[in-house]
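Just so you know, all these numbers are worked out from the coordinates, no wet-lab data involved. Everything numeric here is computed off the predicted structure, so don't read it as measured data. Backbone-built Cβ (ideal geometry, glycine too); neighbour counts: all protein chains shown.
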Amino acid sequence: MLGDDAELTAAVLAAQDGDETAFRTVYRAVHPRLLGYVRTLVGDPDAEDVASEAWLQIARDLERFSGDADRFRGWAARIARNRALDHIRMRGRRPAIGGDETELTGKAAESDTAGEAMESLATDRTLSLIARLPQDQAEAVVLRVVVGLDAKTAAETLGKRPGAVRTAAHRGLKRLAELLGDDPESVGALDALPPPREPRGPAVTSAGVTHIRARTQKDM
């Protein structure tokens, strides 16, 4: 592990030991992409509320988490997905997505970690187009490309086989390229998306986990 992944793993471990500053670091590193995933599922009007519910659960259950940065992203995405699906069941259907990318870029830390992450997400128009894909493809693309999960972790999040997730992501990216090609304002946006991540070896598990108190959105 190098760079951001090593830093996120260290921050997660420190947050599990009750370090409030470390938890804010985790939030700022993960939230922008997690919010992008939630927006794909529930739409702009409700995304912040659903993401907030997910973070409250993440804070509450963090003491039970074990793993490195990749596993944390997958665990957080699974919690966010469950909260989003609960919301969809209550409302009745998956919405069309549109909206304002300032919701995603407004969470940057002093070092602008979130802002740097958002630079690789191309434009809000791309996220809007992703939301027009069939749900299995949209989720696969966002989890693999935006959230940055490898196929195995994305499959665990979705309850599917890694091969099925790879296929859905491939089809989704192909269709997304077609949609972008039909939209002159979005030319080049797909090129700015990072490539899907692949596993880099066994996950590092954490030890010595202690209790931390549940945090509110205000604390983050």
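Brief remarks follow.
- Multiplying the residue separation of Asp49 and His170 by 0.36 nm and subtracting their alpha-carbon distance yields 40.5 nm.
- In terms of the mean number of neighbouring beta-carbon atoms within 10 Å, the peptides 30-43, 76-89 order highest first as 30-43, 76-89.
- The simple spin-label model puts a point 7 Å past each Cα toward its Cβ; for Leu56 and Leu85 those points are separated by 2.1 nm.
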